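A short write-up of the structure that comes next.
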Amino acid sequence: MRLVPTILYMPTWSKGVEESFRNRAGVSRFLDYRGVEVIEAYGPLEVGGLRWAIAAKQDVTEALHPPPGSSVTYWSPLRRRQSR
């Protein structure tokens, strides 16, 4: 079986991608296509004269909640949560 990379082949849309094409960078929190609350960091990128959008997205529950049994304090620009 031959695996084919999806980089540059899969179109995507999000608030962050849209903002990137307006030449804005930032972090936003919104419901994605699954109806799940996510945090996305995004920004514009120009390579070889082509305009791109770069974005990283993660579910809020995964990003802001510590793993079970953890005694680490997590810091976030959006919210501070201390594990128990």
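Overview of values
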item	result
Filtered residues of region 39-48 (kept if over 13 Å from V17 (Cβ atoms) and among the hydrophobic types (A, V, I, L, M, F, W, C))	I39, V47
Residue pairs meeting the criteria (Cβ under 8 Å; at least 6 apart or on separate chains; first under 24 Å from E18 (Cα atoms) and small (G, A, S), in region 54-81; second in a loop (DSSP other than H, G, I, E, B) and modelled with pLDDT under 60)	A63/S76
Test result for T61, more than 21 Å from T12 (Cα to Cα), among the hydroxyl-bearing types (S, T, Y) and at pLDDT 85 or above	yes
Yes/no for R84 being among the charged types (D, E, K, R), on the phi < 0 side of the Ramachandran plot, in a loop (DSSP other than H, G, I, E, B) and modelled with pLDDT of 90 or more	no
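The values are calculated or read from the model by the stated rules, or taken from the named source; none is laboratory data. Computed from a predicted structure; not experimentally measured. Methodologically, a virtual Cβ is constructed for each residue, glycine included, from the backbone with ideal geometry; neighbour enumeration extends over all protein chains shown.
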